[in-house]
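Here's the structure, in structure tokens; my notes come after.
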Amino acid sequence: MGYPDTAWERAMTVQEVMLKAISGELHWFRAAEILGWSPRTLRRWRERYEAHGHSGLIDKRLLRPSIRRVPAGQVEQVLRLYRERYAGFNVRHFHQIVRREHGVTVSYSFVKQVLQAARLVKKHRARGRHRLRREPRACFGEMLHLDGSVHAWFTLAPEVRPCLIAVSDDATKRVLEATFSPSESTHAVMTNLVPVLRTHGLPMALYTDRAHWAFHTPKAKGPVDKTRLTQVGRALARLGIEHIPSYSPQARGRSERLNRTFQDRLVNELRVAGIATLEAANRYLADHFLPQHNATFARAPRDPANAFVPLGEVDLDAILCHEDERVVARDNTVTVQQHVLQIPAQPGRRTCAGLTVTVRRHLDGRYTITRGTHRLAAFQVDGQPVGRSVAPAGARRSADRLGRPRADDRDAGKADVSPRSRADRAQVPA
């Protein structure tokens, strides 16, 4: 093993200064000042130069291994773990995992240099122009971010591209809720908001992009129309939560960075865990990934006050739902999602025809019809009234083929037979 080129260049510089001092062109005190040595050190190096020549000016310690060097076995372990198991992880994520899971004690900078030297990770370019940073909100719950990210989350199932919807707090960077859904829809957004509101309460504001479920935008890339509320906008307005739109990716930088962190870390962790389904991924998110993520990235707010307002007696089931108005038809029915919902007879009212009612499709798929504070009817997912038992379709078809009266027909016939009607039939001549 030879000396590095920098050592020979340094020796040539020292030789040039010494020759000027020996010839009288420089004073020895001036030469020591140029080399950054003391006069005593310069005298020792002069003696080595006179005894060994140019090679005597080489620092022999350069060939002596450092006592602080990392053992070769640990370097090989780091490279082997990255190649065989954690390929694709970013350096910071990989360093945290090998320290926690495999007992590696080397620093992040050393791991990064080793991986870059082995060409296992790329060197990133310097960041762009300088931007001003917006200060995070001071209190926990003062503003939440909600954003969806459609991505190839499952390496083991690349054809599946679900949407990860995450709700995070601006003051603490804490992710309060995150779940995978087939798409970024009103139902998926409300499903993520429900556990946050039940657990923490009502935040002051919610910051989102201008997706179709969030705002009506009359003109592409233009301002939103806050007079025409979406289903999510209506629910937030009723709960007293300010809905703030974002007009550029830079404006919602915290959400974009969170999505990038999830895409960088979660994809690899799901691959290592062998997960390729939404149900298993949501369990992994709740049980493993989110606790580790919050432990790593969450921080204390600047103001310890909690800005969440207790939920109290608010009926979230009647607010976080799909709500529409319908006019009851003459046969006392309303049609929603290809379901014909039959309103039963109401006490004190001959008919509901012509009434304007509110039809709600709840997150669990049920339907309810209300007028004001009065509930007129409730229906199951398939549109059948709640509590009504329906005979199997096969049994009804069999009864029709045999010509037998069905149960409801027999009951209707019995209802028509009264003592007066039997007496009337008895008086009819044969």
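The values are calculated or read from the model by the stated rules, or taken from the named source; none is laboratory data. Here the structure is a predicted model, which means the values were calculated and not measured. Every residue, glycine among them, receives a Cβ derived from its backbone with ideal geometry; neighbour counts consider all protein chains shown. Accessible surface areas use protein heavy atoms only, side chains included; no ligands, DNA or RNA. Shrake-Rupley method; radii C 1.70, N 1.55, O 1.52, S 1.80 Å.
Annotations
- Gain upon complete extension [Thr373, Arg228; 0.36 nm per residue less C-alpha separation]: 49.8 nm
- For the range 340-383, with all protein chains in place and a probe radius of 1.4 Å, 50% of the accessible heavy-atom surface sits on carbon or sulfur.
- Among the listed values (i) 1.71; (ii) 1.06; (iii) 1.00, the one matching Cα Rg over 2.2 N^0.38 Å as calculated from this structure is (i).
- His145 exposes around 10 Å² of accessible area when a 1.4 Å probe is run over every protein chain in place.
- The range 85-192: GluC sites (Glu not before Pro) falling in loop per DSSP and having at most 11 other Cβ within 10 Å: Glu159
- Total formal charge among the other residues, if their Cβ is under 10 angstrom from that of Gly148, Lys/Arg +1 and Asp/Glu -1: -3
- FRET efficiency for Arg80 and Tyr247, using Cβ-Cβ distance with R0 set to 45 Å, rounded to 0.05: 0.40
- A Förster radius of 60 Å, combined with the Cβ-Cβ distance separating Ala286 from Thr351, puts the computed FRET efficiency at roughly 0.75.
- GNM remark for the chain: springs join alpha carbons under 10 Å apart, and the peak mean-square fluctuation among Ala72, Ala377, Ala21 falls on Ala21.
- Listed residues Thr230, Gly148, Val381: farthest to the positive end of the dipole of the chain (Cβ charges): Gly148
- Pairs of Cα atoms nearer than 8 Å and 6+ residues apart set the relative contact order; for the chain it is 11 percent.
- For the range 188-244, the list of trypsin sites (Lys or Arg not before Pro) that fall in a loop by DSSP and count at most 14 other C-beta atoms within 10 angstrom reads Lys219, Lys221, Lys226, Arg228.
- Cα→Cβ-extended label distance, 7 Å offset, between Lys20 and Asp364, nm: 8.9
- Order of exposure, largest accessible area first, which applies to Ile275, Ile22 with probe 1.4 Å: Ile22, Ile275
- Per residue solvent-accessible surface (Å²) - the chain, probe of 1.4 Å: 62
- Estimated 222 nm signal from helices in the chain, with DSSP H stretches of n ≥ 4 weighted -39500 (n - 2.57), rounded to 500: -11500 deg cm²/dmol
- Computed extension gain for Arg299 through Val381, at 0.36 nm per residue and net of the alpha carbon distance, reaches 25.3 nm.
- Dipole axis of the chain (+1 Lys, Arg; -1 Asp, Glu on Cβ), positive-most option in Trp213, Ala51, Ser255: Ala51
- For the range 230-289: rounded, prolate or oblate by the Cα gyration tensor [a/c cutoff 1.5]: oblate
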